[in-house]
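*Asks:* The structure follows.
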Amino acid sequence: SWGAHGEIRNSWKFGPAHVSLKQQKSSELKFTLLATPIFFPILYTYNPNEFFANNWVYEGLVNYGEGGQIIPALAESWTIEDFEGGSKYIFKLREGVLFHDGAPFNCVAAKMNFDHMLAGALKEPVWHGWYGVPKYIKDWECTTDMELVITTSTKFYPFLQELSFIRPLRFLSPNAFAEGSSSDPFTANSCERGWGTLTAEDDGTTVVCAGIVNVSGTGPFALSSRKQSVLTTGDFDETRVDDEVVFKRNENYWDGVPAFETLKVVRYESADDIKAALLDGSLDVMWGGSVLPANDVTQIDDRDDPNLNVFYGDDIQSTVLLLNTGTPPLDDINVRKAVIHAINKKAIIDKELGGYLDPVDHVFPESMPYCDVSLTPHWDHDSEKAVLLSCADEIAKENTKSDSDKALALGLGFGLGLAVLAAVGIAVFYHNKSKHYEVELQRALKGVDA
């Protein structure tokens, strides 16, 4: 597929949630998502981060639904009023929602989170301003206890889509801020303490990052406990990791009490350990792409074990091979075309990737908004076209040589009789052959099937 800067990519699509599920025997679900160290972050931490855990604990105003539909979350409805130069979003907040610590969710709590997340330097790209909402949001205010009004400085189409992001605009209980519900966004901000004091580039205002004192959202699961350890890497750096994190279901969850009482996320040292735990029954679920090698997932699927099932999620992302267009010979587009046509993605998938992926020639799945179109040309495996493209210079030289041979043969033909006429026939034959290659080459360069 074509990248934003013109590079050609090899890619194949896959559903990232390759789930192995053992028959369930209790209200506790034990599972793993990574074969590498994990650490459950607080609300605003970017590195390390675990989106799945943030999404269990914290919620935003809206969610991203199937097919790109924006659906209600902590805002049960909203209206949009456009005006010259911007838009006004009026959110009716969901009533009766409680944070995990028992604090009520209302507009005061929602505004407090916006005050902290968008204070001073935190709106800059290096912090929370890496996407459009912090850049285009103008102000936010409570018009009633359950109505939040947000005004943008311009009409910004993906505003609601970006409000569905798992970070950073999710809601933390006011009680969990460093100085409680009275925490000032500039002197005791909820940003991670390790960020220190941040100075805004435009007006020099400072924000002191004081962190939070508790993990408390409104989501379906609440953080219950964690067991940690410190790993020492080969260069003697120490990394703090979570060996086991336990989440308890939110008995007061507004969208229905979850089926499982407890979710236990366990860290394993390697993919082999994960596979062994699935097979011996000590692990209930392995969830996510690349947790196990693809061929291992296929092997488990082929076991025909009544206690072990494999589920494949929808296609929502691609595995991509990037070509560096700034380095010869890949700075030549014809070389890149030859490479892309020469690679047999289906063969790679069947041999190395478990056989359950689909070759694609675009980056985004067709189920995403505005992506359900067929783009041409299709960069499919075509060895003949690859050879044709890779031999462009040789074909051009052959064409030049054939033209010269034809002229020479015609010049001599008048004096050399039948023998030379035969040579003329040969020259014309090669000339026509090279013209055929030239036409094929031009059609290939234009992406027309030869």
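The values are calculated or read from the model by the stated rules, or taken from the named source; none is laboratory data. Note that the coordinates shown come from a computational prediction; the quantities given were computed from them, not determined experimentally. For neighbour counting, all protein chains shown are included, and Cβ atoms are generated from backbone atoms with ideal geometry for every residue, glycine included. The area values use the complete protein model at the heavy-atom level, side chains included, leaving out ligands, DNA and RNA. Shrake-Rupley method; radii C 1.70, N 1.55, O 1.52, S 1.80 Å.
*Asks:* Of all residues in segment 262-275, which are open to solvent by 50 Å² or more (accessible area, probe 1.4 Å) and either small (Gly, Ala, Ser) or under 16 Å from residue 244 (Cα atoms) (or both)?
*Replies:* Residues satisfying the conditions are 269, 273.
*Asks:* Report every pair of residues separated by at least 6 positions or lying on different chains whose Cβ atoms are under 9 Å apart, first residue within segment 311-328 and at pLDDT 85 or above and in a strand (DSSP E or B), second among the charged types (D, E, K, R) and open to solvent by 90 Å² or more (accessible area, probe 1.4 Å).
*Replies:* Listed by first residue and then by second, the contacts come to nothing, as the list is empty.
*Asks:* Oh, and also: Since residue 301 meets every condition but one in (1) surrounded by fewer than 16 Cβ atoms within 10 Å (Cβ to Cβ); (2) free of Cβ contacts under 8 Å to residues at least 60 places away in the same chain, which condition does it not meet?
*Replies:* (1)
*Asks:* Another question, if that's okay. Can you tell me which of (1) at pLDDT 95 or above; (2) at positive phi is the one residue 68 doesn't meet?
*Replies:* The number of the failed condition is (1).
*Asks:* Only one of these is assigned to a strand (DSSP E or B), at pLDDT 85 or above and basic (Lys, Arg): 275, 264. Name it.
*Replies:* 264
*Asks:* Considering only segment 242-254, state which residues are modelled with pLDDT of 90 or more, surrounded by 15 or more Cβ atoms within 10 Å (Cβ to Cβ) and not aromatic (Phe, Trp, Tyr).
*Replies:* First, pick out the residues of segment 242-254 that are modelled with pLDDT of 90 or more: 246-254.
Restricting the remaining residues to those that are surrounded by 15 or more Cβ atoms within 10 Å (Cβ to Cβ) gives 246-250, 253-254.
If the condition is that a residue be modelled with pLDDT of 90 or more, surrounded by 15 or more Cβ atoms within 10 Å (Cβ to Cβ) and not aromatic (Phe, Trp, Tyr), then 246, 248, 249, 250 are the ones that fit.
For every residue, the table says whether it meets (1) touching a residue at least 40 places away in the same chain (Cβ under 8 Å); (2) assigned to a helix (DSSP H, G or I).
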residue: 248; (1), (2): no, no
residue: 289; (1), (2): yes, no
residue: 336; (1), (2): yes, yes
residue: 341; (1), (2): yes, yes
residue: 351; (1), (2): no, yes
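*Asks:* Quick one: which of 129, 120, 86, 96 is over 17 Å from residue 172 (Cβ atoms), small (Gly, Ala, Ser) and open to solvent by less than 10 Å² (accessible area, probe 1.4 Å)?
*Replies:* Unique residue meeting the criteria: 86.
*Asks:* Residue check: is residue 42 modelled with pLDDT under 90, touching a strand residue (DSSP E or B) at 6+ places or on another chain (Cβ under 7 Å), open to solvent by 30 Å² or more (accessible area, probe 1.4 Å) and within 29 Å of residue 139 (Cβ to Cβ)?
*Replies:* Criteria met by residue 42.
*Asks:* So, of the residues in segment 280-303 that are touching a Phe, Trp or Tyr at 6+ places or on another chain (Cβ under 8 Å) and of a type in the set (A, V, I, L, M), which turns out to be farthest from residue 355 (Cα to Cα)?
*Replies:* 283
One line per residue, one yes/no per condition, for (1) within 30 Å of residue 298 (Cα to Cα); (2) open to solvent by 70 Å² or more (accessible area, probe 1.4 Å); (3) more than 21 Å from the chain's Cα centre (by Cα):
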| residue | (1), (2), (3) |
| --- | --- |
| 313 | yes, no, no |
| 321 | yes, yes, no |
| 331 | no, yes, yes |
| 346 | yes, yes, yes |
| 372 | yes, yes, no |
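*Asks:* A further question follows. Within segment 179-235, work out how many residues are open to solvent by less than 60 Å² (accessible area, probe 1.4 Å), aromatic (Phe, Trp, Tyr) and either part of a strand (DSSP E or B) or at pLDDT 95 or above (or both).
*Replies:* So the answer is 1.
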